[in-house]
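K.L.:
Sharing a structure below in structure tokens format, with a few things to ask.
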Amino acid sequence: MTVHKSTAQFAKDHSEAPPKAADTFNRLTVKPLTGAMGAELSGADLNNLDDQTFSEIVKALYDFGVIAFRDQNLAPETHKAFASRFGRLEVHPIVEGVEGHPEMIKMHKSANTESTFGVGWHSDNSFLENPSLGSIVYGDVIPPVGGDTLFANQYLAYETLSPGMKKMIASVNAVHSARDAYTSPTANEKYDGKGTIKYRHAEIIEHEVEHPVVRTHPATGRKALYVNPMFTLRFADMTREESAPLLEYLLRHCVREDFQCRVRWAKGTVTMWDNRCVQHAALNDCEGYERILYRVTIAGERPE
Ligand code: SIN
């Protein structure tokens, strides 16, 4: 993301777009979503992508953290082919994939159930030793109202901390685990096989892994806050009670409204986000409507 100092500066830099964007983006038209992050890109057919357009997409992802494309028509094969250009695709260790496409999750909410998958702020699969680099989601059945996804810029979350706080957390690690998210009383209902998403009681649910609270993005070199309420349990070598005051502060801070953008889905919308510098949350506000999105995630590196 080109956000360095503040959301205001970011808005200023992009408010007179396209001049700045036109210099660096020749194939794509780039429309920022908010002053904090996110952009809608036009000019790319994800079924038919030349190298120049692909490299502009990568640049837009690094600049904006979240990129959305409208009116795409992705079959599972082409969805996976696009994602594979960024790296190896993961098979989710807990959620069962689509038949014939184990790397693809069908995020399906039926009309008469609540949204449960991805509701609450998180960074995808931060409970893995090598958490997901990015996620690419294709909108298929979209409710007429609700069901948007929120995103929060974790570079800004880090950059807006005071020098004292930055110093204090500079070499602190936090413990991440899928345990709370996948074994809470509501989560346990997931394993009865009756839901629209199938879950397995995998051993990984009980694992714990340590990641730095501040990570450096390997491509942009920028620092981002890396704790999230869904999977971060406590600071390393501390109890949950001891961790709570500071951790709860950071968890509130990292999703401040002025760090956010929102994607309103439509059939054919493809949204990609960079989990190394972005958190996201699906909204559970489309009761009475079906919602179906397909997601693949790309394997990432160990956070440093
Ligand atoms: C997720 O990928 O965590 C959920 C995204 C969504 O359903 O909006």
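The values are calculated or read from the model by the stated rules, or taken from the named source; none is laboratory data. Everything numeric in this text was worked out from a predicted model, so none of it was measured. Every residue, glycine as well, gets a Cβ built from its backbone with ideal geometry; the counts of neighbours run over all protein chains shown. Remember, those area values only see protein heavy atoms, side chains included, never the ligands or the DNA or RNA. Shrake-Rupley method; radii C 1.70, N 1.55, O 1.52, S 1.80 Å.
K.L.:
Of the candidates GLY118, GLY221, GLY288, which one comes out as most mobile in a Gaussian network treatment of the chain with C-alpha springs shorter than 10 Å?
P.N.:
Result for the chain, Cα springs under 10 Å: GLY221 fluctuates most.
K.L.:
Students often forget the sequence filter, so: which aspartates and glutamates lie under 15 Å Cα-Cα from LYS167 once same-chain residues fewer than 8 apart are removed?
P.N.:
GLU159
K.L.:
Below 8 Å between Cα atoms, with a sequence gap of 6+, how large is the relative contact order for the chain in percent?
P.N.:
So the answer I get is 33 percent.
K.L.:
Separate question: How many angstrom separate the Cα center of the stretch 274-297 from the Cα center of the stretch 236-250?
P.N.:
So the two Cα centres are separated by 27 Å.
K.L.:
Work out Dmax and Rg for the stretch 259-304 from the C-alpha atoms and quote the Rg first, both in angstrom.
P.N.:
In order Rg, Dmax, the Cα atoms of the stretch 259-304 give 13.4, 43 Å.
K.L.:
How far, in nm, would the chain grow between ARG252 and GLU304 when pulled straight, counting 0.36 nm per residue and subtracting the alpha carbon separation?
P.N.:
16.4 nm
K.L.:
Loop-only trypsin sites (Lys or Arg not before Pro) in the stretch 258-304, please: DSSP not H, G, I, E or B, and at most 16 other Cβ atoms within 10 Å.
P.N.:
When the trypsin sites (Lys or Arg not before Pro) of the stretch 258-304 are filtered for loop state and at most 16 Cβ neighbours within 10 Å, ARG264, LYS267 remain.
K.L.:
At SER162 and ARG70, where each label point lies 7 Å from the Cα along Cα→Cβ, what is the point-to-point distance in nanometres?
P.N.:
Calculated label separation equals 4.4 nm.
K.L.:
Can you quote the Å³ per residue value for the convex hull of the Cα atoms in the chain, rounded to an integer?
P.N.:
Roughly 125 Å³ of hull volume per residue.
K.L.:
Pairs LYS31/LYS80; LYS59/LYS267; LYS106/LYS166: which are spaced more than 31 Å apart, C-alpha to C-alpha?
P.N.:
From LYS31/LYS80; LYS59/LYS267; LYS106/LYS166, over 31 Å: LYS106/LYS166.
K.L.:
Also, I was wondering about something else. Counting Lys and Arg as +1 and Asp and Glu as -1, each charge on the Cβ, what is the dipole of the chain about the Cα centre in debye, to the nearest 20?
P.N.:
About 480 debye.
K.L.:
How much FRET efficiency would the formula 1/(1 + (r/R0)^6) give for ARG262 and SER42, where r is the Cβ-Cβ distance and R0 is 25 Å, rounded to 0.05?
P.N.:
0.85
K.L.:
Mind checking the per residue accessible area of the chain for me, 1.4 Å probe, whole number of Å²?
P.N.:
I get 44 Å² per residue for the chain.
K.L.:
Within the stretch 79-101, name every residue whose backbone N is under 20 Å away from a label modeled 7 Å from Cα of SER110 along the Cβ vector.
P.N.:
Counting backbone N atoms under 20 Å from the label point, the list is 95-99.
K.L.:
For the chain, set up a Gaussian network in which alpha carbons nearer than 10 Å are linked by springs, and say which option among GLU77, GLU210, GLU96 fluctuates the most.
P.N.:
In this elastic network of the chain, the residue with the biggest mean-square fluctuation among GLU77, GLU210, GLU96 is GLU77.
K.L.:
Compute, for the stretch 73-121, the length of the dipole vector about the Cα centre, with Cβ point charges of +1 (Lys, Arg) and -1 (Asp, Glu) only. Units Debye, rounded to 20.
P.N.:
180 debye
K.L.:
In straight Cα distance, which aspartates and glutamates are under 20 Å from LYS109, not counting same-chain residues fewer than 8 positions off?
P.N.:
Within reach: GLU96, GLU99, ASP124, ASP140, ASP148, GLU189, ASP192, ASP285, GLU287, GLU290.
K.L.:
Expressed as a whole percentage, what fraction of the accessible surface of the chain belongs to carbon and sulfur atoms when a 1.4 Å probe is rolled over the protein heavy atoms?
P.N.:
Carbon with sulfur: 51 percent of the solvent-accessible area.
K.L.:
For the chain, with the dipole built from +1 on Lys and Arg beta-carbon atoms and -1 on Asp and Glu ones, taken about the Cα centre, which of VAL66, ALA299, ALA236 lies farthest toward the positive end?
P.N.:
Going by the Cα projections, it comes out as VAL66.
K.L.:
Between SER84 and PHE54, what length in nm is gained on full extension when 0.36 nm per residue of separation is reduced by their alpha carbon distance?
P.N.:
Taking 0.36 nm per residue and subtracting the Cα distance, the gain is 9.6 nm.
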